1. Being open to solvent by 60 Å² or more (accessible area, probe 1.4 Å), within 14 Å of another protein chain (Cβ to nearest Cβ), in contact (Cβ under 8 Å) with a residue 40 or more places away in the chain and in a helix (DSSP H, G or I) narrows it down to one of B:29, B:13, so name that one.
2. So which residues in the range B:104-147 are part of a helix (DSSP H, G or I), free of Cβ contacts under 8 Å to residues at least 40 places away in the same chain and more than 27 Å from residue B:173 (Cα to Cα), if there are any at all?
3. Would you please name the residue that is nearest to the other protein chains (Cβ to nearest Cβ), looking only at residues in the range A:201-213 that are open to solvent by 10 Å² or more (accessible area, probe 1.4 Å) and not charged (D, E, K, R)?
4. Here are some residues: B:424, B:439, B:420, B:415. Which one is within 11 Å of chain A (Cβ to nearest Cβ), without any contact (Cβ under 8 Å) to a residue 60 or more places away in the chain and either surrounded by fewer than 13 Cβ atoms within 10 Å (Cβ to Cβ) or under 32 Å from the mean Cα position of the chain (by Cα) (or both)?
5. Pairs, please: C-beta under 9 Å, at least 6 apart or cross-chain, first residue within 7 Å of chain B (Cβ to nearest Cβ) and part of a loop (DSSP other than H, G, I, E, B) and in the range A:23-43, second acidic (Asp, Glu) and surrounded by fewer than 20 Cβ atoms within 10 Å (Cβ to Cβ)?
6. Any residue at all in the range A:46-53 that is among the polar types (S, T, N, Q), over 29 Å from residue B:487 (Cβ atoms) and within 13 Å of chain B (Cβ to nearest Cβ)?
7. Looking only at the range A:150-181, which residues are open to solvent by 20 Å² or more (accessible area, probe 1.4 Å), within 24 Å of residue B:33 (Cα to Cα), over 14 Å from the mean Cα position of the chain (by Cα) and in contact (Cβ under 8 Å) with a residue 24 or more places away in the chain?
Amino acid sequence: MRVALFLTCVNDTLYPDTGRAVVKLLTRLGVDVDFPAAQTCCGQPHYNTGYRRQAEPLARHYSDVFGPGLASGDYDAIITPSGSCAAMVRELYPRMGERARAEGRGDRLATTLAPVIPKTYELTEFLVDVLKVTDVGASYPHKVTYHPTCHGLRSLGLGDRPLQLLRAVKGLELAELPGAQECCGFGGTFAVKNSDVSSAMGADKVRNAESTGADVLCAADNSCLMHIGGTMSRLKVGMRPVHIAEILASTEEEPHV
Amino acid sequence: MSGTFVGMPAFPKAAHDAVRNTTLRANLKHATHTIRDKRARAVAELDDWAALREAGKQIKDHTLRHLDHYLVQLEESVTAAGGTVHWARDADEANRIVTRLVRETGESEVVKVKSMATQEIGLNEHLEAEGIRAYETDLAELIVQLGDDRPSHILVPAIHRNRGEIRDIFAQEMGRWGRPAPEGLTDTPAELAEAARLHLREKFLRAKVGVSGANFMVAETGTLVVVESEGNGRMCLTLPETLISVVGIEKIVPTWQDLEVFLQTLPRSSTAERMNPYTSTWTGTTDGDGPRTFHLVLIDNGRTDTLADEVGRQALRCIRCSACLNVCPVYERAGGHAYGSVYPGPIGAILSPQLRGTASEIDASLPYASSLCGACYEVCPVAIDIPEVLVHLRERVVEGGEVTLRGTKVTLKPAKGHAAERAAMRAARWAFTHPAVLATGQRMASRTRRFHPRTVPGPGRAWTATRDLPQVPAESFRDWWQRTDGGKEGQK
């Protein structure tokens with residue numbers, strides 16, 4: 001199996017470790033990974049802030065970058081370690097196509113985006129649903145609590161897939177997060193536009209995480225982890241935010257640090 | 001605090017104060033978490049919840065699509081049953097109609113059933129200015145009215161108050177409105193309820209005019225329906241000689257059979273009860289039973305404009321259950337007053353800017369009063385995709401576009417104050433469609449990483465006031481990938 005990695009602009013710029021972890025993990029599982037270098041951003045920041053028409057060229061760009069490889073059979077799937085970016089493609093790209101049609105601009109956008117939509121997978125759903133593995137041979141001797149991000153939980157319906165993967169990790173002690181289903185308060189530009197409420201939500205999330213006694217909080221989306229981690233750092237809480245890919249990539253021979 | 005929402009500041013400013021009010025936050029957290037958990041249990045009891053939700057959505061959508069037809073049918077049925085139907089284009093017209101109807105009875109006071117529609121049009125304040133006293137009889141509305149306060153929740157308008165605060169309000173204010181609170185009133189729920197009961201009984205027995213809203217109107221029979229918990233509504237609906245019901249035009253269902261769906265989904269979603277204690281229905285007038293005169297005032301007040309918007313119109317499905325408020329993390333921290341409307345929370349954030357337009361500061365800020373976490377959509381019993389409408393309204397705020405205002409299509413200009421953001425979004429779009437530009441930007445950020453401050457000026461300041469920014473890595477992933485040929489050589 002050969003896949004294209006859509007790392008996302010945030011991970012590419014700020015969290016390259018997550019990208020390296022995805023490559024290491026998928027390679028270990030026998031998957032060939034390619035990184036089409038022309039990739040940039042799925043357009044979520046634009047779309048969610050109300051700049052839908054500005055998001056359209058970015059959606060088309062995504063389709064231009066990943067579509068041809070899917071059509072030629074070079075890739076079987078597009079994998080992204082970000083629940084919210086996967087949700088953007090799978091849930092909102094179809095909506096963008098419909099809106100363009102409703103505005104009398106024809107089917108072109110919908111037709112362009114159609115091939116990439118069903119082939120875009122969030123990392124954990126790809127592992128569980130497509131590769132059909134839950135034990136990825138990882139080892140991570142830490143106490144970990146898991147935050148299911150809103151897009152993973154409610155847009156993609158990841159359910160307990162990430163937990164199935166974590167439970168199979170050697171040495172990992174899983175601590176249940178109180179109020180796990182509540183939003184951490186990031187929400188893209190919400191974190192800036194409504195900073196007070198966003199900060200209060202983040203602080204509550206961190207306090208809940210702290211109460212588990214875990215030393216790592218993990219999630220499948222670095223945007224949420226940036227907000228939670230930034231709050232942990234400011235509140236001087238002795239916990240680390242770690243992307244689930246980095247935990248799953250960690251082995252006894254090559255432990256994640 | 002005054003009784004109206006006129007001139008409210010934008011949501012972030014109002015929320016800034018609310019977030020720092022620890023009593024308010026504790027009251028809200030306790031109340032919303034309790035009812036949220038109860039709702040989840042009540043809903044889980046039904047194995048056909050998903051089907052009920054879909055049915056409710058379909059009935060509402062069908063009715064809204066043929067609203068003209070059902071409104072005419074309703075008017076005919078109500079008239080045939082001995083009632084009189086009045087049409088009000090906006091709040092002013094509705095208030096004038098109700099005032100005239102009350103005047104015609106020769107009375108100068110009315111008792112009220114809890115009603116969002118009369119809150120929406122500011123009926124009490126209007127009647128007060130016209131020399132007519134309106135007494136709220138719902139316990140929570142009474143607390144709000146006595147406290148010269150504003151409602152902060154659809155179902156529990158006084159959710160922001162705790163028992164001690166309610167005791168103080170009763171002890172200090174009841175005497176000015178009628179029967180005073182008993183001496184030595186404590187804050188036990190039973191004593192507070194008894195004080196309210198004695199105070200209200202006087203009003204029920206004296207009033208000649210009742211004013212209500214309605215949860216539903218059945219087009220085929222002209223029947224109005226109110227569901228409630230306390231029984232005060234039934235007192236107002238049956239004891240007075242004249243009953244005036246003020247109802248939004250979207251509250252219609254075609255047939256009695258349609259109620260079957262909503263009488264299951266509404267109580268479970270709102271009070272987390274299998275069935276609400278009191279369901280009152282009335283059809284025109286009946287000799288020797290209930291009010292002798294019945295008026296129905298149908299209000300538009302922005303509803304047909306909302307109906308013209310094909311994405312936003314789903315907000316009109318709302319049955320005012322308030323499940324979205326109770327589950328919303330933003331509502332829980334900001335409280336209901338921050339939304340500057342009688343419709344707070346997620347539904348208020350999409351309903352108010354549609355009913356009122358996005359011209360004011362508060363209305364332009366409401367579509368952003370959400371992290372788009374989606375919990376509201378998940379619990380909505382009529383499947384209103386609130387996040388979808390929020391984003392749609394954000395687009396209206398930042399980019400303008402065509403909307404219907406008072407029945408006329410107009411093109412809105414983008415709201416003020418978004419110019420810098422718009423420029424930034426355009427610049428980002430440009431960079432993101434030119435990968436080489438993105439790569440250059442990443443390299444610059446990496447090279448200057450040692451000079452990045454922990455707190456930053458401009459829009460980023462709001463971020464770094466409470467959170468530390470992540471450190472920019474020495475090398476972006478794409479540069480690592482290129483340098484190592486996808487990790488195959490020169491691995492660090």
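1. Just a single option satisfies the conditions, and that option is B:29.
2. Answer for the range B:104-147, where residues must be part of a helix (DSSP H, G or I), free of Cβ contacts under 8 Å to residues at least 40 places away in the same chain and more than 27 Å from residue B:173 (Cα to Cα): just B:104.
3. Looking at residues that are open to solvent by 10 Å² or more (accessible area, probe 1.4 Å) and not charged (D, E, K, R), I get A:203.
4. B:415 is the lone residue from the list that is within 11 Å of chain A (Cβ to nearest Cβ), without any contact (Cβ under 8 Å) to a residue 60 or more places away in the chain and either surrounded by fewer than 13 Cβ atoms within 10 Å (Cβ to Cβ) or under 32 Å from the mean Cα position of the chain (by Cα) (or both).
5. A:38/A:64
6. Yes, there is a match, as at least one residue in the range A:46-53 is among the polar types (S, T, N, Q), over 29 Å from residue B:487 (Cβ atoms) and within 13 Å of chain B (Cβ to nearest Cβ).
7. Once the filter is applied, which keeps residues that are open to solvent by 20 Å² or more (accessible area, probe 1.4 Å), within 24 Å of residue B:33 (Cα to Cα), over 14 Å from the mean Cα position of the chain (by Cα) and in contact (Cβ under 8 Å) with a residue 24 or more places away in the chain, the range A:150-181 yields A:176, A:178, A:179, A:180, A:181.
One line per residue, one yes/no per condition, for (1) among the hydroxyl-bearing types (Ser, Thr, Tyr); (2) more than 24 Å from residue A:3 (Cβ to Cβ):
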| site | (1), (2) |
| --- | --- |
| A:84 | yes, no |
| A:87 | no, no |
| A:104 | no, yes |
| A:112 | yes, no |
| A:121 | yes, no |
| A:124 | yes, no |
| A:128 | no, no |
| A:131 | no, no |
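The values are calculated or read from the model by the stated rules, or taken from the named source; none is laboratory data. All values derive from a computational prediction rather than experimental measurement. So basically every Cβ, Gly included, is an ideal-geometry build from the backbone, and we count neighbours across all protein chains shown. Only protein heavy atoms, including side chains, enter the accessible area calculation; ligands, DNA and RNA are left aside. Shrake-Rupley method; radii C 1.70, N 1.55, O 1.52, S 1.80 Å.
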